[in-house]
């Protein structure tokens, strides 16, 4: 089952468990998102016609990132846009998370490999703002 985490009406994250399965194709993001996240399950022999993607000018004003947990276990702590802690989720090998908005932090519970996908180019120090002093406030670890 797909898990969506909200703060008020703002989508913070979409989590696709590693054991998620369904036939066909499904996109979990709204068309307006700068990072599109979908799932595809097709039978052998299914064809996707060869294609190229057209050059389309896009304006991106916030970074959305997708993480694929290759191995291990990681706790992700989710915060709203105002840096208020909302909840934590445990992610394990095979899980995928789209970090759509708000803030986030991580603690590796086990040795962990992660593949990260986000928009570029990387803006260096302008790309993110760190905030501290709230690490001890994680009390809402959700496991559903």
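The values are calculated or read from the model by the stated rules, or taken from the named source; none is laboratory data. Here the structure is a predicted model, which is why all the values come from computation and not from measurement. Because the Cβ atoms are built from the backbone with ideal geometry, glycine has one as well, and the counts that use them run over all protein chains shown.
Some points to look at:
- Of residues in the range 53-78 being closer than 22 Å to residue 131 by Cβ and assigned to a loop (DSSP other than H, G, I, E, B), the one modelled with the highest pLDDT: 64
- Residues that are part of a loop (DSSP other than H, G, I, E, B) and at pLDDT below 95 were ranked within the range 79-99; the one that is farthest from residue 17 (Cα to Cα) is 82.
- Filtered residue count, the range 2-52, keeping only those that are part of a loop (DSSP other than H, G, I, E, B) and free of Cβ contacts under 8 Å to residues at least 40 places away in the same chain: 21
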